[in-house]
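What follows is a short report on a single structure.
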Amino acid sequence: MKTFKDLSFNIMDDDSNWIRAFMKFDNGYGVSVVKGPYTYGGKAGLYELAVLDSDGEITYGTHITDDVLGFLTPEDVTRHMIEIQELPIEKIEKQTNQSTNKMSTLKLVRGIAFSTAILAALGMIFIMIYGLQVGLNDYNLLGSLAIFCLSSLYAIAVDAEISKRSTESEAMKKVHQTTIKQCIWMMVFLLGMSTLCLFL
């Protein structure tokens with residue numbers, strides 16, 4: 001049986017002391033173990049563990065946990081690693097499909113939310129430029145602003161959940177983080193422009 005001592009940790013971020021290790025077991029399941037300033041127990045020097053399916057995605061369909069496990073000592077990590085290695089092989093396919101379906105649904109929802117936010121932003125820009133000419137007023141602007149903010153915040157929340165479930169490369173996660181930052185800056189910009197329009 002593989003134990004904590006068999007894990008090979010890689011440094012994810014030199015500035016914040018993030019470390020992470022992956023391991024796949026013979027039954028198809030795997031484990032992701034991380035420690036960092038924002039992981040459960042990371043500030044206390046403890047570890048966070050996630051169960052991975054045969055595709056390397058986080059799965060919540062085992063009896064071990066329906067979430068990630070936090071505040072783990074090395075001994076706790078070993079205990080859960082052994083439990084994962086003892087899971088039966090025949091359950092992997094069903095749980096993998098469930099995990100894949102959840103990720104697909106989350107990505108679809110994120111796409112719809114981002115699309116709604118973009119349409120609302122375009123609507124705000126149109127109202128700010130042509131509003132008076134076509135008979136639109138401040139209430140129309142506020143409505144578009146509310147839709148934009150809510151859609152953007154929801155999309156960001158869903159993206160955070162996707163990032164939590166995903167085991168993709170750090171480069172791709174940084175792309176997601178950049179996208180979120182751009183959305184936040186766009187929100188700040190449109191909020192500022194809307195405020196100017198309302199008071200001018």
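Values as computed for the structure displayed
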{"item": "Any hit, segment 22-39, residues being more than 18 Å from Met1 (Cβ to Cβ), in a loop (DSSP other than H, G, I, E, B) and of a type in the set (A, V, I, L, M)", "result": "no"}
{"item": "Test result for Leu49, assigned to a helix (DSSP H, G or I), under 30 Å from Leu153 (Cα atoms) and at pLDDT 80 or above", "result": "no"}
{"item": "Given (1) modelled with pLDDT under 90; (2) touching a Lys or Arg at 6+ places or on another chain (Cβ under 8 Å); (3) surrounded by 17 or more Cβ atoms within 10 Å (Cβ to Cβ); (4) not β-branched (Val, Ile, Thr), number of the condition Met12 does not satisfy", "result": "(3)"}
{"item": "Cβ pairs under 6 Å, 6+ apart, first in segment 132-152 and over 16 Å from Ala113 (Cβ atoms) and surrounded by 15 or more Cβ atoms within 10 Å (Cβ to Cβ), second acidic (Asp, Glu) and modelled with pLDDT of 75 or more", "result": "none"}
{"item": "Filter result (closer than 16 Å to Thr39 by Cα, among the hydrophobic types (A, V, I, L, M, F, W, C) and touching a Lys or Arg at 6+ places or on another chain (Cβ under 9 Å)) within segment 70-84", "result": "Leu72"}
{"item": "Test: Thr59 is assigned by TED's automatic domain parsing to the domain that holds Trp18 and without any contact (Cβ under 8 Å) to a residue 40 or more places away in the chain", "result": "no"}
{"item": "Verdict on Ile19 being buried (at least 17 other Cβ atoms within 10 Å of the Cβ) and either more than 28 Å from Asn101 (Cα to Cα) or among the charged types (D, E, K, R) (or both)", "result": "yes"}
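The values are calculated or read from the model by the stated rules, or taken from the named source; none is laboratory data. On a predicted model such as this, the values are computed, not experimentally measured, just so you know. Backbone-built Cβ (ideal geometry, glycine too); neighbour counts: all protein chains shown.
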